[in-house]
Amino acid sequence: MVQAKAFGIRSARARDMAVVAGMIRQLAKYERLTPYLRLSAMRLRRHGFSRRKYFQCLLCQSGKRVLGYALYYFAYSSFTCRPVLFIEDLFVLPEERGKGAGKALMTALARAAAKAGCEQMEWIVLDWNTASIKFYQRLGARLDKTWVLTRLTGRRLRSLAHRF
């Protein structure tokens, strides 16, 4: 367990996924994305803890209380020929924000990236989320607005998969 002030950071276990699922619900509400939520703690357990792992997850705790989580995975940069740690979610309970839990999670993520030989960490932040943007900038991150997030989902994804 990595200590950051009074916080403990540890890898999540399969049995933690119900707590993580609850926090994902809160994140979706905060980001105004609840209509898109298709959450299942069982699927989180399967995708994070079976032989084929799609993500890893860190928890920030104070005592036994989970204050936040970071869900991440590794991608690859063909330009740098190195892995990239991609942060899918970073969430801290609203009443715990500004007390260091987010910084503790980001520090642990940076350590995981360095250990894996990553040249960079990347994540997406909503353009209206000024509190998070300021937090990331204080950590030294820079916003890169030259890239446009592009997404193919649902029926359109399945349609493309069945062409040709």
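Within the range 98-116, does at least one residue satisfy the condition of being within 26 Å of Met23 (Cα to Cα), among the aliphatic types (A, V, I, L, M) and free of Cβ contacts under 8 Å to residues at least 24 places away in the same chain? Outline the logic, then answer.
Taking the range 98-116 first, the residues within 26 Å of Met23 (Cα to Cα) are 98-113.
Right, trim to among the aliphatic types (A, V, I, L, M) and you get 101, 104-106, 108-110, 112-113.
Now restrict to residues that are free of Cβ contacts under 8 Å to residues at least 24 places away in the same chain: 110.
Yes, some residue in the range 98-116 is within 26 Å of Met23 (Cα to Cα), among the aliphatic types (A, V, I, L, M) and free of Cβ contacts under 8 Å to residues at least 24 places away in the same chain.
Considering the range 1-27 alone, what residues qualify as being at pLDDT 95 or above, among the hydrophobic types (A, V, I, L, M, F, W, C) and farther than 11 Å from Gly68 by Cβ? Can you show your working first?
At the first step, the residues of the range 1-27 found to be at pLDDT 95 or above are 8-27.
Right, trim to among the hydrophobic types (A, V, I, L, M, F, W, C) and you get 9, 12, 14, 17-21, 23-24, 27.
Listed by number, the residues that qualify are Ala12, Ala14, Met17, Ala18, Ala21, Ile24.
So which residues in the range 10-42 are more than 22 Å from Ala110 (Cα to Cα) and assigned to a loop (DSSP other than H, G, I, E, B), if there are any at all?
The answer is Glu31, Arg32, Leu33, Leu37, Arg38, Leu39, Ser40.
The values are calculated or read from the model by the stated rules, or taken from the named source; none is laboratory data. Since this is a predicted model, take the numbers as computed values, not measurements. A quick note on method: Cβ atoms are made from the backbone with ideal geometry, for glycine too, and the neighbour counts reach across all protein chains shown.
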